[in-house]
Amino acid sequence: MASLPRDGGLDRQYKMLFTIGQGGFGCVQLALHRLTGMPVAIKVVENVKKHLRLVLSEIAVLETVQHPHIIRLFQVLTTTKYCYIITEYVPGGNLYQLVKEEGRLQEEQAQKIFGQLVSAIRCCHDHDIVHRDLKPHNILLDAQRNVKLGDFGLATRCGAGTVLYGCCGTKSYNAPEMVLREGYDGRKADVWSLGVLLYFMTTGHHPFRGSTLEETKKNITIGMYDIPAHICGQLENLIHQILTVVPERRPSTEDIQHHPWVKNPEENISSDPYPDPKIVDKLFDHGFAANEIFDSLQKRKYDEIMGTYLLLQEQLHQGLDSTSSVTTADPGPAPPPSPVPPLTSGCYLKRRASEPTFGLLHTRPSQQHLPDVLTLSRQKINQSVSMSLWCPQKKSPTSSHAPPTKAASAPCVYHSRVEEEMPLPPGPDSNMEKSCLPQNIECFSGLCRRIRVCLSRLCCFPRASNPQTGRVFNNKVDPLKESGGRCSEE
């Protein structure tokens, strides 16, 4: 076990277990969150200039993009010497290890993994983010061998039609225009890397091979590769389309999803409100102050409070019970919440009938697009009201080449949002408000009791027990009125 620096409250929040990865960019260690008991991966990066851009890039992408097949960010902790990036722990290794240990994937398994990967990349492209380092080592697999795309250190933000010039990533997965040191479209470069990955997982080896580095580069630039005999016609057609040398003729991620060989995943998008009142109630039980909770979740700070919230949310999604594994000391009465601006509910936009169906899959939007909800008990809670190109070809022989003039291709189509800056601020949706008071009274009953008790302790008036409810009220001043809240109306 390699010793890692632990400061800035990291020891108090996490119990370190052992190192699971180490490299030039940082050291990754497995840890347990002390309150929830959830396993997490902690990437420790030294705060030096050469690492700064990579750290900021990865944090910005993970804060912006939320997708079932993209690694999830829980918390960011920065000290004078180190930056700690806490993400979900993925125990299934990576795609490179899977292929090397078990050989080429069976077609059904390859369809599942490739479909999930394309869905994740399309979500990035829809947010004007290009990965630029797609390779088997960066495609992590969970216990059920579902894809979790990671390592966004080389990712960058660029609008549609932007020309990039920085050559980066692994050379064997670079597009021909990057190998030739020309300006390139980041989206088209990612698509080429997807084609190399598809070939690798279905054949067990790299498509562009040569006895020398120069020969390998030449094969990439002219698009020369062999198609094994076991590759079916549809898969061969898809490989030819993706590995098109001319970037303008290379398909988009949306085009790939419409190909008949690709199996698009059925992604369960959670419709839970953000923040979830039940999880907020648990944060109170763990001793966090009301005003600090409101501030952290509203501003999306990814600090200790928000990290604990996201881990509790992950527990609920996995059907785990945190109460059995967590023991908390009595933190004493929480201070009364400071006045905070009301938050709005999490929502998912529903496509209108007049809009074209560009995307078959609804991916979770950026956290900055998710409006929030946190109000006192018996106030109205805002709730969401909603949540291929395949060109048949004559089958090529066992050894086939894909030169620029011969390869099957798909037109270049962009359907992405152009965003001016990252991350995006949350925007209210005036059409999304709906009363759901009865469903939330029980969730906030504990919060109300604590607020009443705290306020009554701060007041100078004696307290008396209400014979009907058994709760403690101030005889002269209604605590909710005193704190500026709305009175409950029977």
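Readers should treat all values here as calculations from the given coordinates under stated rules, not as data from a laboratory. Please read all numbers here as calculations on a predicted model, not as lab measurements. Reconstructed Cβ throughout: ideal geometry from the backbone, glycine too, with neighbour counts over all protein chains shown.
Key figures for this structure:
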| item | result |
| --- | --- |
| The stretch 10-88: C-alpha gyration tensor shape, a/c 1.5 cut-off, then a/b vs b/c | oblate |
| The stretch 63-172: C-alpha gyration tensor shape, a/c 1.5 cut-off, then a/b vs b/c | oblate |
| Rounded if a/c under 1.5, otherwise prolate or oblate - the stretch 103-233, Cα gyration tensor axes | oblate |
| Dipole magnitude (debye, nearest 20) for the stretch 10-88, charges at Cβ of Lys, Arg, Asp, Glu | 180 |
| Which of Thr36, Thr79, Gly92, positive extreme of dipole for the stretch 1-132 (C-beta unit charges) | Thr79 |
| Rounded to the nearest 20 debye, dipole of the stretch 95-257 from Cβ charges on Lys, Arg, Asp, Glu | 260 |
| Greater than 23 Å apart at Cα, pairs in Lys188/Lys217; Lys15/Lys81; Lys188/Lys263; Lys112/Lys148; Lys100/Lys171; Lys43/Lys263 | Lys43/Lys263 |
